[in-house]
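Colleague: I'd like to ask some things about the structure below.
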Amino acid sequence: SAVISQKPSRDICQRGTSLTIQCQVDSQVTMMFWYRQQPGQSLTLIATANQGSEATYESGFVIDKFPISRPNLTFSTLTVSNMSPEDSSIYLCSVRLVQKLGYTFGSGTRLTVV
Amino acid sequence: GQNIDQPTEMTATEGAIVQINCTYQTSGFNGLFWYQQHAGEAPTFLSYNVLDGLEEKGRFSSFLSRSKGYSYLLLKELQMKDSASYLCAVEMNTGFQKLVFGTGTRLLVSP
């Protein structure tokens, strides 16, 4: 089955700095997404990562705060910019695979901003 | 906009049956997924409904009524390892497909 590698798995960052999270998939992918999961809550969709073009952001999320790249079909990055403690959360990459029903998730990045 | 609602928390006893409900109001409905998420882990796929009716998969079944905007996940013969969060998610198609999650239900199974 497909492997989704998400890095880093966790990080502690100073407020005001930025962190880039990477997601690499080893299978054929149709779509890639980024989610946020705040403590004790469900998943919130941040954006759809589009190959070679700007990501499509959900209401409440903007490119300046969460720039996303997807230079090819199987790789994407999410940057959390100018971080504040409110950005402390788990960030998850998700993909829709060509040969598999459903959406598959990376193991997540646990971010703590101090 | 979209609303996908679930009960926040449920408790049940080992060996029992539990039904977790999900109601939704969304545009561009494609289908409905259920995911299981253990603490500290990624969500894992449980079931998918696109047509009305019941889908059975071992101890887990999922039901969908598109006209009522309603789904449930039925867990039978509960085991301690079923203690987890259960997430209802609607696949929407508003020009492109995306998965939007409900509020999630934390299930605690006790001996």
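Read-outs throughout are calculated quantities, based only on the coordinates presented, and are distinct from any laboratory measurement. Just so we're clear, the structure is a prediction, and the values are computed from it rather than from any experiment. With ideal geometry, Cβ positions are generated from the backbone for all residues, glycine too; neighbour counts draw on all protein chains shown.
Colleague: Cα atoms only, the protein assembly as shown: Rg and Dmax in Å?
Modeller: Rg then Dmax for the protein assembly as shown, in Å: 17.6, 52.
Colleague: Also: Just tell me how shielded A:92-100 is by partners: mean number of partner chain Cβ atoms within 10 Å of each residue's Cβ, no decimals.
Modeller: Values: counts 2, 1, 4, 0, 4, 0, 0, 0, 1.
That works out to 1 on average.
Colleague: Hey, another quick one. May I ask you to sort B:Y48, B:Y35, A:Y91 by Cβ crowding, counting other Cβ atoms within 10 Å and putting the fewest first?
Modeller: On the way: B:Y48 17, B:Y35 26, A:Y91 22.
So the residues, fewest neighbours to most, are B:Y48, A:Y91, B:Y35.
Colleague: From the cross-link list B:K76/B:K98; A:K65/B:K98; A:K7/B:K81; A:K100/B:K76, which pairs have alpha carbons spaced over 23 Å apart?
Modeller: Numbers: B:K76/B:K98 30 Å; A:K65/B:K98 21 Å; A:K7/B:K81 28 Å; A:K100/B:K76 26 Å.
B:K76/B:K98; A:K7/B:K81; A:K100/B:K76, as the Cα separations exceed 23 Å there.
Colleague: Give the calculated FRET efficiency between A:S5 and B:R59 to the nearest 0.05, with a Förster radius of 35 Å applied to their Cβ-Cβ distance.
Modeller: Details: r = 31 Å, r/R0 = 0.89.
After rounding to 0.05, the efficiency reads 0.65.
Colleague: Taking the mean number of other Cβ atoms within 10 Å as a proxy for protection, how do you rank B:9-15, B:81-87, A:22-28 from highest to lowest?
Modeller: Working: B:9-15: 13.3, B:81-87: 19.3, A:22-28: 16.9.
With the highest mean Cβ count within 10 Å placed first, the list reads B:81-87, A:22-28, B:9-15.
Colleague: Okay, moving on. Two-decimal Rg/Rh of region B:25-104 from alpha-carbon positions, Kirkwood Rh? Kindly include the intermediate steps, with their values, before the conclusion.
Modeller: Working: Rg = 12.9 Å, Rh = 13.2 Å.
Ratio of gyration radius to Kirkwood radius: 0.98.
Colleague: What average count of beta carbons from other chains do you get within 10 Å of the Cβ of residues in B:100-107? It would help to have the intermediate numbers written out before the result.
Modeller: Working: counts 6, 7, 2, 2, 5, 1, 1, 0.
Mean number of neighbouring Cβ atoms from other chains: 3.
Colleague: Follow-up. To make sure I understand the rule: partners must be aspartates and glutamates, Cα under 13 Å from the Cα of B:K68, and not fewer than 8 residues away in the same chain. Which ones qualify?
Modeller: B:D52
Colleague: Nothing charged except the Cβ atoms of Lys and Arg (+1) and of Asp and Glu (-1): what's the magnitude of the dipole of chain A about its Cα centre? Round to the nearest 20 debye. Don't jump to the answer; show the numbers that get you there.
Modeller: Details: 9 positive and 7 negative charges, 47 e Å.
The calculation lands at about 220 debye.
Colleague: Given the convex hull of the Cα atoms of region A:56-101, what is a quarter of its surface area in nm²?
Modeller: Values: hull surface 17.7 nm².
Its average projected convex-hull area is 4.4 nm².
Colleague: Continuing with the same structure: So what's the gap between the Cα centers of region A:74-90 and region A:7-46, to the nearest angstrom?
Modeller: For region A:74-90 versus region A:7-46, the Cα centre distance is 6 Å.
Colleague: Would you tally the net charge around A:S81, using a Cβ to Cβ cut-off of less than 11 Å, leaving A:S81 out, and scoring K and R as +1, D and E as -1?
Modeller: Neighbour charge sum, excluding A:S81 itself: -1.
Colleague: Could you state the number of Å between the C-alpha centres of region B:22-40 and region B:60-111?
Modeller: 6 Å
Colleague: Give the Rg (one decimal place) followed by the Dmax (whole number) of region A:28-114, computed from C-alpha coordinates and expressed in Å.
Modeller: Rg and Dmax of region A:28-114, Cα atoms, are 12.8, 41 Å.
Colleague: Can you check what the net charge comes to around B:E41, using other residues whose Cβ is under 13 Å from the Cβ of B:E41 (Lys, Arg +1; Asp, Glu -1)?
Modeller: Working: positive: A:R110, B:K81; negative: none.
Value of the local net charge: +2.
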